[in-house]
Amino acid sequence: MSSPVCTILKREWKAYFNSPVAYVFIVIFLALAGFFTFNVSRFYEAGQASLDRFFFWHPWIYLILVPAVAMRLWAEERRTGTLELLLTFPVTTAQAIAGKFLAAWLFVLLALALTFPVVATAFYLGSPDPGPIITGYIGSALLAGAYLAVGSLTSALTRNQVISFIIAAVIGLFLLLAGFPPVTDFLYQVAPAWVVETVAGFSFSAHFEQMQRGVLDLRDILYFASAMAFMLLATHVTLDNRRTK
Amino acid sequence: MNAAPELWSITAFGEWGGRPELRMIKVSKLVKNFGSRAAVRDVSFEVNPGEVLGFLGPNGAGKTTTMRMITGYLTPSSGRAWIQGFDVAEKPVEARRHLGYLPENAPSYGDMTVEEFLSFAAAMRGFAGKEARQRIGETLERCILTSVRHQPIETLSKGYRQRTCFAQAILHDPPVLILDEPTEGLDPNQKFVVRNMIRDMAKNKVIVFSTHILEEVEAICTRAIIISAGQVVADSTPAELRKQGSLDQVFRWLTTSADIGGSAR
């Protein structure tokens, strides 16, 4: 079986590994995750058999690294003119978006899976509760998907990859900080509570935190799923607009 | 088939007699505005089986825009286009199944080898296994790419890259071929090769190609459309145009009078 989605997915996957992007991303991701967990959060010294200190950093690492994975998705195709080729094959725009997005997501998930030594360390040193570790990984995977969907949209908006990267990082930062306690505490002083709560409701932070604690709530999953669906739909609209002008 | 019935009657009953809808392009009143600028204004034509249509015009006349609307890459401001009886706007996937397209500047994925790129195109067209391998092998040979099949496309010269993209367009043996400046930027030998490929395929396909090289039109086209400032200013055979003077003169005469409204793309 080779549906167009699969064909595009495979091509994109190979494109990551045909360039240094894949290796740079994986090495930096693992190095940063290790550095923050062990050196900044003092994983060993804390003496707790849990991965809180590991997952805590994921939103911040993704904030910088995931837009770098997503920025080439559409911007590169537009710059080189291959978008015209891709979209005049017998495929729908939705299939092209799905193939590209899934390739990028699987790629980030590969990097995430390679953090398994951290889990192994925790189990070697103590006996952590596996529940929060599993939900933490699920949450981290969904979080990465949401960041990627944002990056897909910003990549479709421009043929300049640098601009795509910056806008994606800024949107990501907003979605992160909107629910970040130091920021919300400040906002409560300047805006009505319902405004702050509405804005905070859009934030990645609260939903991801729930999952780190081991709570797998359908609402959090729905939140991430709808964030991805919305961004990919916006990608579709953006690509269609380019054709209509 | 849900081909528009009115298309059938106007087709010449030649080789494809019983099923004339099998080889067709029809374009009806295509208009494209970019903001306030009209790039294409009211272009209509039909291309029948066995015809090689040369699409001529100065730079910025609307050739590429028209071709992009036929392939469905650009949505027209108004008007419609059909490939093989399938409305490009309503049935884009079906229409494109019957289409081979060489976009302007022959884009391809530079990080892939020629063979990987053609495998990708074959998979996108739904070919797998032995059939895909056979088609790729044949196409490589036909486009004289066999010797570079394992090279990354970005390391190849312009002529090879052009033919690689060309190969992608003919891999699935489509009944309709649209080629946007297939010989642009090639050296005389490479031009000769590409022209011969077009002529070889002409017998059983509908081919539309754009160019601004006039002798190319005389050499391979059965019909020429001259477009200027977004409008069709001539639709005839090269021989017929010839009667009014050299093709050069006719081209200049037809396209400079309307050029006041035209501008660079």
>> Which of the numbered conditions does A:Gly47 fail, given that it passes all the others? Conditions: (1) in contact (Cβ under 8 Å) with a residue 40 or more places away in the chain; (2) more than 14 Å from chain B (Cβ to nearest Cβ); (3) small (Gly, Ala, Ser).
In response: (1)
> Could you say whether any residue in segment B:91-108 is more than 10 Å from every other protein chain (Cβ to nearest Cβ) and farther than 24 Å from B:Asp187 by Cα?
Replying inline: yes
>> Please return the ranges of helices (runs of 4 or more DSSP H) entirely within segment A:143-245 where 1 or more residues are under 20 Å from the mean Cα position of the chain (by Cα).
In response: A:161-177, A:193-201, A:204-212, A:218-244
> Do we find a residue being assigned by TED's automatic domain parsing to the domain that holds B:Val43 and under 17 Å from B:Thr66 (Cα atoms) anywhere in segment B:239-250?
Replying inline: no
>> Please go through segment A:198-215 and give me each residue that is open to solvent by 70 Å² or more (accessible area, probe 1.4 Å) and more than 13 Å from A:Ser140 (Cβ to Cβ), ordered by number.
In response: A:Thr198, A:Phe202, A:Arg213
>> Considering only residues that are touching a helix residue (DSSP H, G or I) at 6+ places or on another chain (Cβ under 7 Å) and loosely packed, with under 15 Cβ neighbours inside 10 Å, which ones fall in segment A:107-137?
In response: A:Leu114
> In segment B:109-134, which residue that is without any contact (Cβ under 8 Å) to a residue 40 or more places away in the chain and of a type in the set (S, T, N, Q) is nearest to the other protein chains (Cβ to nearest Cβ)?
Replying inline: B:Ser119
> So how many residues does segment A:80-137 have that are outside any helix (DSSP H, G or I) and over 30 Å from A:Gly47 (Cβ atoms)?
Replying inline: 6
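The values are calculated or read from the model by the stated rules, or taken from the named source; none is laboratory data. As the structure is a prediction and not an experimental result, all values here were calculated from the model. Positions of Cβ are generated from backbone atoms using ideal geometry, with glycine treated the same way; all protein chains shown enter the neighbour counts. The protein model used for the area step is the full one, side chains on, heavy atoms only, and it has no ligands, DNA or RNA in it. Shrake-Rupley method; radii C 1.70, N 1.55, O 1.52, S 1.80 Å.
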